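The values are calculated or read from the model by the stated rules, or taken from the named source; none is laboratory data. These figures come from a predicted structure and were not determined experimentally. Cβ placement follows ideal geometry from the backbone for every residue including glycine, while neighbour counts extend to all protein chains displayed.
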Amino acid sequence: MNETGSVSVIIADDDPDIRALVTIATTRAGLNLVNALGDGESAWNAIRDHRPDLVVLDVSMPGKSGVEISRLIRGEQSLNGTDILLLSAAVSETEKRTGIDAGADEYVIKPFSPRDLTERLSAYAERIRARA
């Protein structure tokens, strides 16, 4: 969180329509969008550079998957406290457990309700501000 109390977020999803929906939900939730990217490698670089409070990651994208990035975040001391929300079309409990075991705080199934996502992001923002 920056000095103004703004909660920062990076979005990574290779589907431009999903990226746009998540961007809108982020704005409506009052979060500071740092970047919205279409591949895992770019996302990982942006996460290391900006150390956002929250990342919203697609499980399946080119470069690095959301699960791989979740593991990298949890293994990086400087990113302690970064919240991770994974988005996926995969609905199996095994895939969901893999995402949570990799360090994700939440696993949201696509398609999702934009209103529901906005509410979830708002709740993250409140929790992050409360920790600061």
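What tally of residues in the stretch 34-87 results from selecting those that are part of a helix (DSSP H, G or I) and either without any contact (Cβ under 8 Å) to a residue 12 or more places away in the chain or among the small types (Gly, Ala, Ser) (or both)?
The initial filter retains those residues of the stretch 34-87 that are part of a helix (DSSP H, G or I), namely 40-50, 66-75, 77-79.
Add one more test, that the residue is either without any contact (Cβ under 8 Å) to a residue 12 or more places away in the chain or among the small types (Gly, Ala, Ser) (or both), and what stays is 40, 42-43, 45-46, 49, 66, 70, 75, 77-78.
Looking only at that region, the number is 11.
Output the residues belonging to the stretch 24-47 that are of a type in the set (Ser, Thr, Tyr), farther than 20 Å from residue 78 by Cβ and buried (at least 17 other Cβ atoms within 10 Å of the Cβ).
Within the stretch 24-47, the first condition is being of a type in the set (Ser, Thr, Tyr), and the residues that meet it are 26-27, 42.
Okay, now just the ones that are also farther than 20 Å from residue 78 by Cβ, so 26-27.
Across the stretch 24-47, the qualifying residue is only 26.
Residues that are at pLDDT 95 or above, touching a Ser or Thr at 6+ places or on another chain (Cβ under 6 Å), of a type in the set (Gly, Ala, Ser) and part of a strand (DSSP E or B): does the stretch 13-29 have at least one?
No: zero hits.
Of all residues in the stretch 1-23 being farther than 11 Å from residue 57 by Cβ and among the small types (Gly, Ala, Ser), which is surrounded by the most Cβ atoms within 10 Å (Cβ to Cβ)?
8
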